[in-house]
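*Asks:* Starting off with a structure, shown below.
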Amino acid sequence: MGNSSSFADRYQSVLVPVIFEPWAREVIRRAAPRAGEHILDLGCGTGVVIRLVAELAPAPVGLTGADHSPEMLNVARSLAVRSGLEADWVEADAAVLPFENYRFDLAFCQQALQFFPDRPAALRELRRVLKPGGRLFFSVQRELDVNPMLKAQAAALNAHVGEEAAAAVRAICSLPDGVELRALFEDAGFEDVEVEAVTLTLHHPDARTFAAGAMGGMHTGDKLSGLAKDGVERAVEAFLEGLGDYFDGAGMHVPHAAHVISARC
């Protein structure tokens with residue numbers, strides 16, 4: 001349960017359907033991709049944005065997913081091949097993109113900006129590879145206090161695994177300030193920057209199964225593999241208790257709050 005490739009598979013099977021697919025649909029709806037566009041997903045993970053763009057958008061010319069993780073990209077490639085999707089999957093540092101100037105018309109980035117070591121450099125690079133007039137759409141998690149699922153995860157991990165594990169969840173919410181976000185994009189040279197607080201309601205029919213999978217398959221790695229079975233059970237119970245009324249005894253219906261950033265070159 002601890003190796004990287006199984007982590008990427010688990011990330012895809014547990015987190016993507018519940019969290020990243022609904023958010024991908026939301027940002028794609030807002031972006032309204034046009035026929036003939038070259039589209040980039042930066043920090044693409046296992047490729048959900050690219051797969052949904054291919055499904056929902058009118059005939060893009062080119063689809064590219066870029067990520068620093070070869071394991072995530074391997075899953076993305078495998079799923080694309082399985083569905084007959086043609087896309088480029090590129091291992092890349094967001095701050096040093098291996099693309100020529102002005103290649104893309106539209107760029108997405110879903111819940112990755114907060115993890116980039118050099119955010120200003122990554123945004124300058126993105127501006128370089130976008131065409132004049134090109135658009136971008138990012139989602140970035142808001143603060144822990146308005147994200148009860150992540151708050152419950154952090155508290156459960158803090159109590160049953162340790163502070164380092166809880167800090168890994170808090171890192172997901174490490175860029176919650178809308179003013180700071182706007183400044184990052186404007187300082188990188190983007191125009192018409194809009195930062196909107198958006199909340200989706202996420203669902204899972206079996207919150208207990210989701211809790212075990214989510215705490216063992218986050219962006220930040222497996223936090224439960226070192227626990228004995230009873231320790232995992234205690235952590236899961238703490239997560240469910242932390243959900244409060246968002247857990248109905250079986251499933252969960254929980255608000256998930258992020259900023260959606262749009263801008264153009």
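*Asks:* Lys and Arg at +1, Asp and Glu at -1: add these up for the other residues within a Cβ distance under 10 Å of P176 and post the number.
*Replies:* Counting the neighbours of P176, the net charge comes to -3.
*Asks:* A follow-up question, please. Compute the signed sum of charges (Lys and Arg +1, Asp and Glu -1) over the other residues within less than 13 Å, Cβ to Cβ, of Q114.
*Replies:* -1
*Asks:* Moving on to the next point. Which value, in debye to the nearest 20, gives the size of the charge dipole of the range 4-264 about its Cα centre, when Lys and Arg are +1 and Asp and Glu are -1 at the Cβ?
*Replies:* 460 debye
*Asks:* Translational diffusion coefficient of the range 5-82 at 10 °C, 1.306 mPa s, Stokes-Einstein with Kirkwood Rh over Cα pairs, in µm²/s as a whole number.
*Replies:* Rounded to a whole number, D works out at 126 µm²/s.
*Asks:* Semi-axes of the equivalent ellipsoid of the chain: what are they in whole Å, largest first, if each equals the square root of 5 times a C-alpha gyration tensor eigenvalue? Mind dumping the intermediate values first?
*Replies:* Details: eigenvalues 196, 78, 57 Å².
Square roots of five times the eigenvalues give 31, 20, 17 Å.
*Asks:* So what is the relative contact order for the range 4-264, in percent, with contacts set as C-alpha pairs under 8 Å and at least six apart? Please list the in-between numbers first.
*Replies:* Working: 506 pairs, mean separation 55.2, N = 261.
Across the range 4-264, relative contact order equals 21 percent.
*Asks:* While we're here: Quick one: net charge around V129, please, counting Lys, Arg +1 and Asp, Glu -1 for every other residue with C-beta under 9 Å from its C-beta.
*Replies:* +2
*Asks:* Give the range of the longest stretch in the chain that excludes all GluC sites (Glu not before Pro) found in loop regions by DSSP and having at most 14 other beta-carbon atoms within 10 Å.
*Replies:* 101-265
Here, each number is a calculation from the coordinates, and none is a lab measurement. Model, not experiment: these values are computed from the prediction. Note: ideal-geometry Cβ built from the backbone for every residue, glycine included; neighbour counts use all protein chains shown.
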